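The values are calculated or read from the model by the stated rules, or taken from the named source; none is laboratory data. Worth saying up front: this structure is predicted, and the values here are computed from it rather than measured. We place every Cβ from the backbone using ideal geometry, glycine too, and count neighbours over all the protein chains shown. Keep in mind that these areas ignore ligands, DNA and RNA; they rest on the heavy atoms of the full protein, side chains included. Shrake-Rupley method; radii C 1.70, N 1.55, O 1.52, S 1.80 Å.
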Amino acid sequence: MAGQTTLYYNPTAKPTTTHLLRKDNILLACLVIFLCSFFYLFGTWQPRATTTTAATINCPTTTTAAESDKSLDFTTHHSAATADTVTIKTYPPCNLNFSEYTPCQDQKRSLKFPRDRLIYRERHCPEKHELLKCRIPAPYGYKNPFKWPTSRDLAWYANVPHKDLTVEKAVQNWIRFEGDRFRFPGGGTLFPNGADAYIDDIGELINLNDGSIRTAIDTGCGIRLLTSWGAYLLSRNSTAMSFAPRDTHEAQVQFALERGVPALIGIMASKRLPYPSRAFDMAHCSRCLIPWGQYDGIYLIEVDRVLRPGGYWILSGPPINWENHWRGWERTQEDLNEEQTQIEKVAKSLCWTKVIQKGDLAIWQKPINHLNCKTNPKFTQTPPFCPVQNPDSAWYTDIETCLTRLPEVSHEDEVAGGAIANWPKRLDMVPPRVSSGSIDGVTSDIFQEDVILWKKRASYYKNVNNQLGQPGRYRNLLDMNAFLGGFAASLVEDPLWVMNVVPVEAKADTLGAIYERGLIGTYQSWCEAMSTHPRTYDLIHADSVFTLYKDRCEMEDIMLEMDRILRPEGSVIIRDDVDILVKIKRIAEGLNWESRIVDHEDGPLEREKVLFAVKLYWTAPADSDQAS
């Protein structure tokens, strides 16, 4: 418009004075000044009573350097009460006659149960009022075991003071007593050239070197192989789970554990083995004296349950090659021939294929699926397939005389339940039970996150306990709540093995996935004792175990069991809520453990903390009577 100047917006231009002095802006400025003045005066005004109260507060005006050091403490504190208000309960040593006490395999208690099918040798745990509240002593002179691989061949006599086996088995060349130690030459009745050569013989019949056979089970193994077969199999990157009953040879499982070989006390009787279905790549029996053809083949049916699709069952000793050995076995030809005929019949009814029989070895293979099993005329209809069931249920579960059905497949070349890679690739691949969604609440993403998580945690553990990073310091490890086996997987490059326990009370049954990764483990309820000897493990790891068992059983009973199965100078790592760890630390002090609580690997703001502890060295007195 003519006579007027148009004002355009310029971001760098200064506003004109005429614009700021507009009437409405002057009124707004006055209002702001009034309000600021009002609230300032209101804030500076204080009632007389407030001034009087403040005047009575006695505040120090100066602080000495000594007082400053005393009042300021920047260390982390995890304590629910002061030392003046807490009484530490102490646990006295048990008598020496409890030195080899295995609560659920106590021989006196076992006599109350039927001897038929050896039921009396199964787990029979004490009642709550029978639980010991004392610490199991080590024999006088106990020493830390030899480091692996030396321990494969040597064990201290003081640790397993049983000379009777060196006399009874003197001609079998599998154990010798030399001064203060035992030596294990690796021989035996069936393998005079040694266990290593015996495994070589197996390797000529099936491939033991390509990683397809990673997990093995020695079914009711005899004393010779318990301490040799599993030990030498480890050199082929295969891990064997050995088990044997506690019988007249009390030390057979103990010898295996002293030598650094995985083993548990167990027997094939009326209950399933404490392992999931489709767990092992290979099962083995040598002179194990299990009546495979009797009781409708129930024991081979149980082997079939725990054997992976395509897995092998190896039998040596009676009745294999009876034609050449029947005189030495002091049995008739007719008896041995009948026994082998029964075994062949049961194996065929399970749809197994006999791969080969050569010399003293016979090998069968389980089918990779059941698509044609029982539909093929050459297979009998007995035993029938089991009705709908949980094939992994194995804690006090009765063995059944029916065939555990493999997961469905769409074609005859498909591996039931999913194929797995050869070792070591299978360790980090997503287990088929996870990828198929058969484990509630566990997905492939959760598995991958768990792999990363435990690598981080293992690194943190080694920073706090530097002995964990020293090869050979720990050999036998126990993970009391393994989930997917992440702790064990993070240590797989170290010369050690981990027994991965999945508690039967856990929300998800993940033990099958652990075996699919090529690791080993067992089911267990920590309200009961473990089927193992005292002083089994060098290190015990417990992740959220005490939270899991809160209001289920007593915390001190779990800690006493940990103390029983932990070696002198063995270590413990416990992860849990800080309030629970404070209580655990008090019990640890009563057990004469040295312990401390440290922050979570992600920092002090996490409620979950980590307790590191060491069981101090102590033994029975020198004047105590030793075992024979």
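Computed quantities for the displayed model
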{"quantity": "Environment charge of Gly260, counting only residues whose C-beta is closer than 10 Å and scoring Lys/Arg +1, Asp/Glu -1", "calculated": "+2"}
{"quantity": "Accessible area of the stretch 532-628 belonging to carbon and sulfur atoms, whole % at 1.4 Å probe", "calculated": "47 percent"}
{"quantity": "Computed FRET value (nearest 0.05) for Glu130 with Lys507, which takes r as the C-beta separation and R₀ as 22 Å", "calculated": "0.15"}
{"quantity": "Segments 280-289, 342-351 sorted - mean Cβ within 10 Å per residue, highest first", "calculated": "280-289, 342-351"}
{"quantity": "Share of carbon and sulfur in the accessible heavy-atom surface of the stretch 296-393 [1.4 Å probe, %]", "calculated": "51 percent"}
{"quantity": "Pairs from Lys89/Lys550; Lys550/Lys615; Lys133/Lys456; Lys550/Lys609; Lys108/Lys615; Lys163/Lys358 whose Cα-Cα separation, in the structure shown, is over 26 Å", "calculated": "Lys133/Lys456; Lys108/Lys615; Lys163/Lys358"}
{"quantity": "Nearest-20 debye value, the stretch 260-315 charge dipole, Cβ charges on Lys, Arg, Asp, Glu", "calculated": "120 debye"}
{"quantity": "For Thr522, distant residues with modelled amide H under 5 Å away", "calculated": "Asn500, Val501, Val502"}
{"quantity": "Protection proxy ranking, peptides 439-452, 589-602, 495-508, 517-530, average beta carbon neighbours within 10 Å, highest first", "calculated": "517-530, 495-508, 589-602, 439-452"}
{"quantity": "Rounded FRET efficiency, nearest 0.05, which uses the C-beta distance separating Ile33 from Asp551 and R0 of 45 Å", "calculated": "0.10"}
{"quantity": "Exposure ranking of Val306, Val464 by accessible area [1.4 Å probe, largest first]", "calculated": "Val464, Val306"}
{"quantity": "Signed unit charges on C-beta, dipole axis of the stretch 424-529, positive-most listed residue Tyr523, Leu453, Val434", "calculated": "Leu453"}
{"quantity": "Ile356 accessible area, assembled protein chains, probe 1.4 Å, Å²", "calculated": "60 Å²"}
{"quantity": "The stretch 501-531 residues near the modelled Thr443 label - backbone nitrogen below 17 Å, point 7 Å along Cα→Cβ", "calculated": "none"}
{"quantity": "The stretch 298-307 - phi-based ³J(HN,Hα) in whole Hz, Karplus 6.51/-1.76/1.60, Gly and Pro as x", "calculated": "4, 6, 5, 4, 6, 4, 4, 4, 8, 8"}
{"quantity": "Backbone HN-Hα couplings from phi across the stretch 355-362 [Karplus 6.51/-1.76/1.60, Hz, Gly and Pro as x]", "calculated": "6, 6, 10, 9, x, 8, 10, 10"}
{"quantity": "Solvent-accessible area per residue for the stretch 275-329 (1.4 angstrom probe, square angstrom)", "calculated": "28 Å²"}
{"quantity": "Gain in span if fully extended, Leu154 to Thr87, counting 0.36 nm per residue against the direct Cα distance", "calculated": "19.7 nm"}
{"quantity": "Under 12 Å, Cβ to Cβ, from Val545 - net charge with Lys/Arg +1 and Asp/Glu -1", "calculated": "-3"}
{"quantity": "Solvent-accessible area, 1.4 Å probe, carbon plus sulfur percent, for the stretch 110-159", "calculated": "56 percent"}
{"quantity": "Accessible solvent surface per residue of the stretch 437-502, calculated while the other protein chains remain in place, 1.4 angstrom probe, Å²", "calculated": "42 Å²"}
{"quantity": "Accessible surface, per residue, of the stretch 116-155 when the full set of protein chains is kept, probe 1.4 Å, Å²", "calculated": "52 Å²"}
{"quantity": "Cβ crowding within 10 Å averaged over residues, with 312-323, 472-483 ranked highest first", "calculated": "472-483, 312-323"}
